[in-house]
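Colleague: Before we start, here is the structure in question, set down as structure tokens.
FYI, it's all coordinate maths here, none of it is from the lab. Source: prediction; values computed, not measured. FYI the Cβ positions are ideal-geometry reconstructions off the backbone, even for glycines, and counts take in every protein chain you see.
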Amino acid sequence: MTRRPPSVRIIGGAFRGRRIPLTAQAALRPTPDRVRETVFNWLAPIVPESRCLDLFAGSGALGLEALSRGAATVTFVEQDPESAAALRALLARLDVAALVHAGEALAFLDRQPAGGFDIVFLDPPFAAGLLAPALARVRQRDIVPNGGFLYIETRRDTPCVLPTGFRWHRQGQAGQVAFGLAVHEE
């Protein structure tokens, strides 16, 4: 019996059912289907025509889901060269124009203008300690405009402190993962 290579599938929109192949990188932990479905149900009225940032892209599942559901633009940031190359190849196969930045996420944030993204997906490797510094930079640089959203995914046992000006809009848990949508309100 031939075993299918590891992948995740796009849940909804134009690319619904398409499989995203996963690279061999051991640290890759894609957002589970059930969590993505919940989050994109929450974001349904906001995603169309939005400007999205998938900051710790990995497989690109979050950003691809946003593109599939009508986001105007998605910028993917991934430090691992193999994952970034796989994401570029997948975007080319899907015939989708999107920017893939191969580099360090925090340095990328340091170069972004204020108000550049309506939705920012923050799902860093849990053990890397990158969430707090990423949230601080998003706030310091005002990357998300008033009314914009942050999607945050953490280990269930790791509390997330939101930056000033953000409040939880919705939150959930699935297995060992806690996730939530925070809105910028000032």
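Colleague: Normalised by the residues of the chain, what does the relative contact order come to in percent, with Cα pairs under 8 Å and at least six apart?
Modeller: Numbers: 364 pairs, mean separation 30.8, N = 186.
Reported relative contact order: 17 percent.
Colleague: Further question: Between PHE108, PHE149, PHE56, find the one with the highest GNM mean-square fluctuation for the chain; connect C-alpha pairs within less than 10 Å.
Modeller: PHE108
Colleague: So if R0 is 22 Å, what FRET efficiency would PHE126 and LEU99 give, r being the distance between their Cβ atoms, rounded to the nearest 0.05?
Modeller: Computed FRET efficiency for PHE126 and LEU99 comes out at 0.30.
Colleague: Among ARG36, ARG139, ARG111, which one shows the highest mean-square fluctuation when the chain is modelled as a Gaussian network with alpha-carbon springs under 10 Å?
Modeller: Looking only at ARG36, ARG139, ARG111, the largest GNM fluctuation is found for ARG111.
Colleague: When the helix-only estimate is applied to the chain (DSSP H runs of n ≥ 4, each -39,500 (n - 2.57), divided by the residue count), what is the mean residue ellipticity at 222 nm, nearest 500 deg cm²/dmol?
Modeller: Roughly -7500 deg cm²/dmol at 222 nm, from the helical runs in the chain.
Colleague: From the Cα gyration tensor of region 54-150, with a ≥ b ≥ c the square roots of its eigenvalues, which class applies: rounded if a/c is under 1.5, or else prolate if a/b is larger than b/c, or else oblate?
Modeller: In terms of gyration-tensor shape, oblate.
Colleague: Given the options SER83, CYS52, THR164, identify the residue whose Cα lies farthest towards the positive end of the charge dipole of the chain (+1 on Cβ of Lys, Arg; -1 on Cβ of Asp, Glu).
Modeller: SER83
Colleague: Once you've got the GNM for the chain with C-alpha springs shorter than 10 Å, pick whichever of LEU53, LEU131, LEU94 has the biggest mean-square fluctuation.
Modeller: LEU94
Colleague: Also, quick follow-up: For ALA107 and ASP33 in the same chain, what is the full-extension length gain: residue separation times 0.36 nm, less their Cα-Cα distance, in nm?
Modeller: Full extension of this stretch gives 23.7 nm more.
Colleague: Also, I was wondering about something else. Give, in nm to one decimal, the length gained when the segment between ALA72 and SER7 is fully stretched (0.36 nm per residue of separation minus the Cα-Cα distance).
Modeller: 20.9 nm
Colleague: Of all DSSP beta bridges in region 7-184, what percent run antiparallel (nearest 5)?
Modeller: Here the share of antiparallel DSSP bridges comes out near 55 percent.
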